[in-house]
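Note sheet for the following structure.
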Amino acid sequence: AQSVAQPEDQVNVAEGNPLTVKCTYSVSGNPYLFWYVQYPNRGLQFLLKYITGDNLVKGSYGFEAEFNKSQTSFHLKKPSALVSDSALYFCAVRPFTGFQKLVFGTGTRLLVSP
Amino acid sequence: DTEVTQTPKHLVMGMTNKKSLKCEQHMGHRAMYWYKQKAKKPPELMFVYSYEKLSINESVPSRFSPECPNSSLLNLHLHALQPEDSALYLCASSQAPGATETQYFGPGTRLLVL
C-alpha cells in the first residue's frame with residue numbers, strides 16, 4: 001500500500017530558528033510527494049512537490065524539502081521560522097496505481113512562538 | 001491564478017433536507033475532486049472527475065451524489081445525511097488527472113448535520 005507517515009503530531013519552534021517537519025513514505029515505483037499547509041478553518045495550500053530531479057525542492061513562502069531515497073524521507077524545512085507559519089502541515093503521496101488519488105499523512109501541527 | 005471557489009462556506013442541514021455544495025474553477029483544469037475532512041484528520045478522497053466523467057468513487061454512500069455539469073463546475077448533492085457526515089468538504093482541481101499534477105484546493109464548505 002502507498003502511504004506517508006508524519007511521526008510528530010506537533011512541532012514547536014521559536015521564531016527565527018530553523019524548522020523541520022518530518023515525513024517518510026512507503027511506495028512502490030517512483031514516489032510523487034507533496035506538501036500542503038492548512039490554516040485554521042481554511043482549505044489546503046500547496047507548498048511544493050517532488051516528481052524527479054534535484055533532491056532539494058524549493059517551494060512557496062521560503063519552504064523547501066529534501067527528498068532522500070535511501071531513508072525514504074521527504075522532510076519539510078525552512079531556515080527561519082515565522083509566527084505566521086503556525087499551521088497544520090500535511091505530507092501527501094500520489095500512489096503509482098490509482099494515480100488520481102492523493103493520500104495524506106496524519107498532519108503535523110507547527111507552533112512557532114514569538 | 002490558482003483559485004478554486006466553493007459555496008456556501010457554511011451549511012447547516014437536517015437529516016431530511018436536500019442541499020448542494022458547489023465548486024468552481026476557471027483555470028482550465030480537467031480533473032476535479034471532492035474530499036471530506038473530519039476535525040483534526042487528513043482529507044479523504046470521495047470522488048474524482050476526469051474530463052467531466054466520474055473516474056473514482058471511493059465507496060461513498062449514495063446519500064452523496066456528485067455531478068460535473070461542465071469542465072468548470074463540480075457539485076455535490078446531499079440527501080438524507082447523518083450527523084456523522086458533519087465535516088469540512090473540500091473541492092480540488094488539477095490541470096489533468098496525471099500522477100505528477102498538483103491539486104489546488106478550495107477553502108471548503110463546513111457542513112453541520114443536525
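Expressed in nm², what is the orientationally averaged projection area of the convex hull enclosing the Cα positions of region B:3-59? Mind dumping the intermediate values first?
On the way: hull surface 21.1 nm².
Across all orientations, region B:3-59 yields a mean hull projection of 5.3 nm².
Are there trypsin sites (Lys or Arg not before Pro) in region B:33-92 that DSSP puts in a loop and that have at most 10 other Cβ atoms within 10 Å, and which ones? Don't jump to the answer; show the numbers that get you there.
Values: sites: B:K36, B:K38, B:K40, B:K53, B:R63; in loops: B:K38, B:K40, B:R63.
Answer by residue number: B:K40.
If you scale each eigenvalue of the Cα gyration tensor by 5 and take the root, what three semi-axes come out for chain B, rounded to whole angstrom and sorted largest first? Walk me through the intermediate numbers first.
Working: eigenvalues 103, 38, 35 Å².
Values for chain B, descending: 23, 14, 13 Å.
Using a simple spin-label model with points 7 Å from Cα along the Cα→Cβ vector, what separation in nm is obtained for B:K9 and B:E58?
Placing both labels 7 Å beyond Cα along the Cβ direction yields 2.6 nm.
My understanding is that a pair violates if its Cα-Cα distance is over 23 Å; which of B:K9/B:K38; B:K9/B:K53; A:K49/A:K78; A:K49/B:K41; A:K49/A:K69 do that in this structure? Please list the in-between numbers first.
On the way: B:K9/B:K38 16 Å; B:K9/B:K53 26 Å; A:K49/A:K78 15 Å; A:K49/B:K41 21 Å; A:K49/A:K69 15 Å.
Correct reply: B:K9/B:K53.
For region B:100-109, in order, what is each residue's ³J(HN,Hα) by Karplus, 6.51 cos²θ - 1.76 cosθ + 1.60 with θ = phi - 60°, in whole Hz (x at glycine and Pro)?
8, 6, 7, 8, 10, 9, x, x, x, 10
At a 4.7 angstrom Cβ threshold, list every cysteine in chain B that has nobody to pair with, or say none.
Those would be B:C68, since no other cysteine Cβ in chain B comes under 4.7 Å of theirs.
Going Cα to Cα from B:K18, which aspartates and glutamates come in below 18 Å? Please leave out same-chain ones fewer than 8 positions away.
The qualifying aspartates and glutamates are B:E67, B:E84, B:D85.
Only counting other Cβ atoms within 10 Å, I'd like A:F67, A:F34, B:F105 sorted with the fewest neighbours first. Can you show the working numbers first?
Values: A:F67 20, A:F34 26, B:F105 23.
The most exposed by this proxy come first: A:F67, B:F105, A:F34.
Taking amide H positions as placed 1.01 Å from N in the peptide plane, with prolines and chain starts having none, which residues 5 or more places from A:F67, or on another chain, fall under 5 Å of its amide H?
A:L56, A:V57
Rounded to a whole number, what is D in µm²/s for chain A from Stokes-Einstein with the Kirkwood radius over alpha-carbon pairs (10 °C, 1.306 mPa s)? Each step should come with its number before you reach the end.
Working: Rh = 14.1 Å.
Estimated via Stokes-Einstein, D reaches 113 µm²/s.
Dividing the Cα radius of gyration by the Kirkwood radius, what Rg/Rh value follows for region B:26-83?
Details: Rg = 12.1 Å, Rh = 12.3 Å.
Rg/Rh: 0.99.
Calculate I(q)/I(0) for the protein assembly as shown by the Debye formula, one identical point scatterer on each C-alpha and no solvent, and give its log10 at q = 0.10, 0.16 Å⁻¹ to two decimals.
Log-scaled intensity ratios, in q order: -0.45, -1.11.
Take A:V13, B:V4 and order them by how many other Cβ atoms sit within 10 Å, fewest up front. Please list the in-between numbers first.
Working: A:V13 19, B:V4 24.
Ordered from fewest to most neighbouring Cβ atoms within 10 Å, A:V13, B:V4 come out as A:V13, B:V4.
Under 5 Å between amide H atoms, partner at least 5 residues away or on a different chain: which partners does A:V11 have, H built in plane at 1.01 Å?
Here A:R109, A:L110, A:L111 satisfy the definition.
First measure r as the distance between the Cβ atoms of A:Q71 and A:Q10, then evaluate 1/(1 + (r/R0)^6) with R0 = 30 Å and state the FRET efficiency to the nearest 0.05. Write out the running numbers ahead of the final one.
On the way: r = 22 Å, r/R0 = 0.74.
My answer for the efficiency is 0.85.
Can you list the chymotrypsin sites (Phe, Trp or Tyr not before Pro) in region B:9-54 that are in a DSSP coil and have 13 or fewer other beta carbons within 10 angstrom? Numbers along the way, then the final one.
Details: sites: B:Y33, B:W34, B:Y35, B:F47, B:Y49, B:Y51; in loops: B:Y51.
When the chymotrypsin sites (Phe, Trp or Tyr not before Pro) of region B:9-54 are filtered for loop state and at most 13 Cβ neighbours within 10 Å, B:Y51 remain.
Bear in mind that the values in this text are calculations on the coordinates, not laboratory data. Bear in mind that the values here come from a model prediction, so they are computed numbers and not experimental data. With ideal geometry, Cβ positions are generated from the backbone for all residues, glycine too; neighbour counts draw on all protein chains shown.
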